[in-house]
Structures are given as structure tokens and as C-alpha cells.
Amino acid sequence: MAGPGQIPGRYNVVVAGEYETFEHQMPIEEFVQRLENDDVPETVSVVGLGAAFEEGEGAAELGRSMDRRANDLEYQSPTVQFVVEGSFHRKGKTYDLRYNDELYPLQDIFGPQLDRKGKGDWLVAPF
């Protein structure tokens, strides 16, 4: 059975330090490259989402790659965990990432189907 913050076949977005993470960790840039090469590990923790939002284009590229590769990921059903610094902020039906005193819309990356789990420090989205 999957542990908290580690549901297979979904994007798990967790606040750093709140849940156990995977030993295999990679930055956003490597995750995008592996997505494009159809080489996503079975279990992986992706780090650096806040910085990618700050840079602007990194987050946009991540969102585009995730959207293009969604069907492949659904078939492969890896356990992908995004470990974020900061906290989640709910705005209506959507969630933002509060990082370095700025709010960044997680819907831009994960789409509108984010569901809250745990104590509010874990979000889940379909591929």
C-alpha cells in the first residue's frame, strides 16, 4: 500500500519535511528531459518547483511537457512526488504555492483537478 504523499499514478505535491520522500530525487529540468525521453523512474521526488515558478519559463515548460506526456504516464503509472518549499494557499477551488512571499498558481502546472489530502500539506492531481 502506498504511503502518505506517494499515491502511484498521480502527481503528489507535498510540502518539504512533512512526508517521506523518495531516495531518487531530481530537479525540474531533469524531470522535463526524462518526460520528453519517456524515461520517468518508477518512483521519483522532483524538487525545485518554487524556483521554476520564479524563473517563469521553467514552470511553463514543465506544464507543457506534463500535458504532452500525460497518456504515457497514465499507462506507466509511476509514483511522482513534487517536494515543494513553502506552503499551499487555497483560493476558491484552486491552490497556489506560497514561495518567497509570492503566490504561484499550481493549476498552471497540474491543471484544475487538484485535491487536498492529509492536513493540507499534500495535494494530488491526475496525470
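Just so it is clear, none of the values below were taken in a lab; they were calculated from the coordinates. Note that the structure is a prediction, hence the values are computed from the model and not measured. Note that we place each Cβ from the backbone using ideal geometry, even for glycine, and neighbour counts take in every protein chain shown.
Given a Förster distance of 30 angstrom, what is the FRET efficiency for THR43 paired with ASP101, based on the Cβ-Cβ distance and rounded to 0.05?
Values: r = 32 Å, r/R0 = 1.07.
The pair THR43/ASP101 has a calculated efficiency of 0.40.
If you add up the charges near PHE22, with Lys and Arg at +1 and Asp and Glu at -1, over every other residue whose beta carbon is less than 15 angstrom from its beta carbon, what do you get?
Details: positive: ARG10, ARG34; negative: GLU18, GLU20, GLU23, GLU30, GLU42.
Value of the local net charge: -3.
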(request) May I ask you to list the aspartates and glutamates whose Cα is less than 17 Å away from that of LYS93, ignoring any residue fewer than eight positions away on the same chain? (result) ASP108, ASP115, ASP121
(request) Quick one: which residues, 5 or more positions from PHE127 or on another chain, have an amide H under 5 Å from its amide H? H modelled 1.01 Å from N in the peptide plane, none for Pro or chain starts. (result) TYR11
(request) With only alpha-carbon atoms counted, please give the Rg and Dmax of the stretch 34-112, in Å. (result) 12.9, 37
(message) Apply the Karplus curve 6.51 cos²θ - 1.76 cosθ + 1.60, θ = phi - 60°, to the phi angles in the stretch 42-53 and return the couplings in whole Hz, x for Gly and Pro.
(response) 5, 9, 7, 10, 9, 10, x, 5, x, 5, 5, 5
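Can you give the % of DSSP beta bridges in the chain that are antiparallel, to the nearest 5? Please report the intermediate quantities before stating the final value.
Values: 17 of 30 bridges.
In the chain, DSSP labels about 55 percent of beta bridges as antiparallel.
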